[in-house]
Structure formats: structure tokens, C-alpha cells
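Inspection log for the structure reproduced underneath, given as C-alpha cells.
The values are calculated or read from the model by the stated rules, or taken from the named source; none is laboratory data. Being a predicted model, the structure only gives us computed values, none of them experimental. Cβ coordinates were reconstructed from backbone atoms using ideal geometry, including for glycine residues, and neighbour counts include every protein chain displayed. We work out accessible area using only protein heavy atoms, side chains counted, and drop any ligands, DNA or RNA first. Shrake-Rupley method; radii C 1.70, N 1.55, O 1.52, S 1.80 Å.
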Amino acid sequence: MRGRRSTLYPVIANVNDDIRDELLELAKNRGEAFLVCTLDDNNYVEGSTLIGELNPKQKVTFDLVRAHNETDAAELMRIYGDREGVTQTTAWNNRLAALAALGLIVEVSQGRNKRYRPLL
């Protein structure tokens, strides 16, 4: 799904320990991360987490998108550029695009601009 620029986002819900271990092994072998969540009895998301690891810069970006609920590269550059050692908006664009390609955040087009929001 991820390889075809699909608008579908894989999320694994209510995994047990055996499945979590399998997903962790798969994520390590492929260098990927998967979003997992817990659903309550009414199928509402109670919590979510990543299985696998992101590189440190992607992890920071993922956490910032979640903290802001919706953002774009220019906003991240304006607020966090100096703190994160980023000197150009392009670096934030690349990080955001990579997370969207992994299916971990949602890319929302607004005219020529792209904004990003958490999947869950």
C-alpha cells in the first residue's frame, strides 16, 4: 500500500503480545515503523503508539506533528528551526514527506501548500 502512494493508511488495532513481537521483528528487518492503536468497545481509539523505530530526525518531526495536531514545513521551520539545527524549510518538507510516505501522518493539500496532521 505504501509503495503506490495510496490514500489508505495501515493501522493495526488491538494487537496481542505475540503479534506485537512479530510486527517489531518485521519493522526491524525492513527499517520501518507501524502505527498501532487500542480500540475501546465502541471502536474509538483509546491510544496509539509506534512499533519499530524512526531515525531521530523523523521521530522529532513525528512528535511535533502530533503536538501541533496540524502543521506545515514553514511553521516548523519558524518555531523549531534553530533548536533543531535546521537551516532550510526544505529539510522539514523532506522529513514530513518521508513520514507521509510511511503512512504515519496524513498529507493535506491546500492549494500549492501541503499541511500534515497525525493519522490518529
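Distance in nm between label sites at GLN88 and LEU50, each 7 Å beyond Cα in the beta-carbon direction?
Taking the simple label geometry, GLN88 and LEU50 are separated by 2.4 nm.
I'd like the chymotrypsin sites (Phe, Trp or Tyr not before Pro) in the range 11-62 restricted to DSSP loop residues with at most 16 other Cβ atoms within 10 Å, sorted by number. Could the numbers behind the result be given before it?
On the way: sites: PHE34, TYR44, PHE62; in loops: TYR44.
Answer in residue order: TYR44.
Using θ = phi - 60° and the Karplus curve 6.51 cos²θ - 1.76 cosθ + 1.60, what whole-Hz ³J(HN,Hα) does each residue of the range 13-26 get, with Gly and Pro shown as x?
Residue by residue, the range 13-26 yields 10, 6, 6, 8, 4, 5, 5, 4, 4, 5, 5, 4, 5, 4 Hz.
Could you name the aspartates and glutamates in cross-link range of LYS59, using Cα to Cα under 18 Å and dropping any fewer than eight places away on the same chain?
Qualifying aspartates and glutamates at Cα under 18 Å: GLU32, GLU70, ASP72, GLU75, ASP82, GLU84, GLU107.
What's the angle, to the nearest 10 degrees (0 to 90), between helix 73-84's Cα axis and the longest principal axis of the chain?
It is inclined by approximately 90 degrees.
Give the ranking of LYS114, LYS28 by solvent-accessible surface, highest area first, calculated with a 1.4 Å probe.
Largest to smallest exposure gives the sequence LYS28, LYS114.
Given points 7 Å out from each Cα along the Cα-Cβ axis, report the LYS28 to ARG112 separation in nanometres with one decimal.
Modelled inter-label distance: 4.7 nm.
At 222 nm, what helix-only mean residue ellipticity would the chain give, in deg cm²/dmol to the nearest 500, using -39500 (n - 2.57) for each DSSP H run of four or more? Display every interim value, and only then the final one.
Numbers: 4 runs with 52 residues, N = 120.
Here the helix-only value at 222 nm equals -13500 deg cm²/dmol.
Run the paramagnetic zone check for LEU120: 7 angstrom along Cα to Cβ, then residues of the range 36-64 with backbone nitrogen under 19 Å.
36-54, 59-64
Using a 10 angstrom cutoff on alpha carbons, build the Gaussian network for the chain and name the most mobile of ILE12, ILE79, ILE105.
ILE79
Specify the inter-centroid distance of the range 69-111 and the range 17-66, based on alpha-carbon positions, in whole Å.
The two parts, judged by their Cα centres, are 19 Å apart.
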